[in-house]
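Since the structure comes first, as structure tokens, the remarks are kept for the end.
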Amino acid sequence: MAKTRRVKKRTHLPQPEAQGKQRPPKTFVFWRGKHGLILKSLESDLRKVMSPNTASHLKESKKNMLKDFVNIAGPLGVTHFVILTATQGSCYMRVAKSPRGPTVTLKIHEYALIRDVVSAQQRPRTPDSIWKNSPLVVMSSMGGSEELKLVTVLFQNLFPTINVQGVKLSDCQRVVLLSHNPETGRISFRHYSIVAKPSGVSKGVKSIVGRRLPDLSRLHDVSELLTTGGYGSESEGEEAAESRVTLPQDLGHGNLAARQSRVRLHEIGPRMELEVVKIEEGLCSGKVLHHAFVEKSAEAVNKQQTEVEQQRKLKEERRRHQEENMKRKEAEQRAREQASGPNRRKRGQQWWEQELANSKGGAEVLEQLQGDPEAERNEQDMANGQAPSVHIPEAPSLIYCVQKVDTSLWINPKGRCWAALQRLSGVASIF
């Protein structure tokens, strides 16, 4: 008896979402503008930072408009946009909440890619497992002004929130640090990986629990591996009290619960030095809530707001007129169809009928075609993209009518009207 393929009965069913559980935010990271393509490498690095809740394989082109991303953001559950733009002198990053804003524009003064940071390290650590979970977010000196508070809330909402009581320590492998410098007014963006190692354990034990094969060539007994080798390097004692923590859960690799472990950060990249330039009320549009270089009086702000409101009303009025015109034309079309009768052919249904109607003597040709049952069958075949099923060898009435048509319409022997009449009449030449 042949073996049948096993059918999954449980695993393919969608899992019901827990009540009250909030969906994680999702982002689109893409470039815009004439010179935005030069930030393609930074775009790919930022997608890694936002992973796994981002479109890592999103493809964009210069032909795409912002509304194209907005239209597909809703069905896909995308909540934020990270837009990279560049001019001849500066680079910018816009962080926007979809679909109604607000939008924060930050100037990128300096940046370094992941490959630059990793190449400068002696022992880089970037395993593939760190990209499977979202990073933690740490803010430093981000309070004070209203614009900084808005930037803080916007960056916090870029990443999913965590439940301190129920989070797994094994899922916390990355951290994003945003630090504000009050003197320069810039925000430093850093990205680190989190590494925990057991504290108070000899090097031999660390090599075993770290899944590395120790070098036993110089040892006489296995016990020497545990009794010799010391308890760390000279630099391990620096800031030891601050780096040692007591773990509430087992983390693996020798990091047990209720035992002390040393936590270290390895920078992954990218690095960015950001400055808040502008905050807009809408999605890359709307009222300007803050601008770092332009200050307007209350009268200028009111005047600008009035102009924006007038443009919005004018746009709505044009849209209303367009909808009314479309309804009127549809009503007129229905009225013409009802007046023509059910047995009369609709005007414009066939392309060659319109050309014949506009030519001299074309009305007589149409009457002959409409009255000829064989020509009617051929016409249906041509409309369906098939060869004529009925061959008319002579068709003298059709030839007679065609001779009365203005010859200027049939000069080109490769024209569509000429080919149609030639197939309907079954003759190679008419004139």
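Here are the numbers:
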{"quantity": "Answer from LYS97, LYS59 - the residue that is within 15 Å of VAL151 (Cα to Cα) and open to solvent by 20 Å² or more (accessible area, probe 1.4 Å)", "calculated": "LYS97"}
{"quantity": "Residue list for the range 250-284, restricted to those being open to solvent by 50 Å² or more (accessible area, probe 1.4 Å), aliphatic (A, V, I, L, M) and under 27 Å from PHE189 (Cα atoms)", "calculated": "VAL263, LEU265"}
{"quantity": "Matching residues in the range 71-87 - criterion: being in contact (Cβ under 8 Å) with a residue 12 or more places away in the chain and in a helix (DSSP H, G or I)", "calculated": "ALA73, GLY74, LEU76"}
{"quantity": "One residue from ARG94, ARG100 being in contact with a Cys (Cβ under 9 Å, 6 or more places away or on another chain) and under 19 Å from LEU158 (Cα atoms)", "calculated": "ARG94"}
{"quantity": "Some residue of the range 38-50 being free of Cβ contacts under 8 Å to residues at least 40 places away in the same chain, within 15 Å of the chain's Cα centre (by Cα) and not in a helix (DSSP H, G or I)", "calculated": "no"}
{"quantity": "Lone qualifier among LYS315, LYS287, LYS329 - being open to solvent by 70 Å² or more (accessible area, probe 1.4 Å), among the basic types (Lys, Arg) and closer than 30 Å to SER145 by Cα", "calculated": "LYS287"}
{"quantity": "Strands (runs of 3 or more DSSP E) wholly inside the range 256-325 that include at least 2 residues being more than 29 Å from the chain's Cα centre (by Cα) and modelled with pLDDT under 90", "calculated": "260-267"}
{"quantity": "Residue list for the range 30-45, filter: within 22 Å of PRO135 (Cα to Cα) and aromatic (Phe, Trp, Tyr)", "calculated": "PHE30"}
{"quantity": "Pair list, Cβ under 7 Å, 6 or more apart: the range 297-313 residue closer than 10 Å to LYS287 by Cβ, other residue among the basic types (Lys, Arg) and outside any helix (DSSP H, G or I)", "calculated": "GLN305/LYS287"}
{"quantity": "Candidates ALA120, ALA86, ALA112 - the one that is in contact with a Lys or Arg (Cβ under 6 Å, 6 or more places away or on another chain) and over 24 Å from THR161 (Cα atoms)", "calculated": "ALA112"}
{"quantity": "Search result, residues across the range 75-94 that are surrounded by 16 or more Cβ atoms within 10 Å (Cβ to Cβ) and of a type in the set (Ser, Thr, Tyr)", "calculated": "THR79, THR85, TYR92"}
{"quantity": "Any chance LEU46 is buried (at least 19 other Cβ atoms within 10 Å of the Cβ) and more than 24 Å from LYS287 (Cβ to Cβ)", "calculated": "yes"}
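The values are calculated or read from the model by the stated rules, or taken from the named source; none is laboratory data. For clarity, every value in this text was computed on a predicted model and none was experimentally measured. Please note: Cβ atoms are built from the backbone with ideal geometry, for glycine as well, and neighbour counts cover all protein chains shown. Just so you know, the surface numbers come from the protein's heavy atoms only, side chains and all, with ligands and any DNA or RNA stripped out. Shrake-Rupley method; radii C 1.70, N 1.55, O 1.52, S 1.80 Å.
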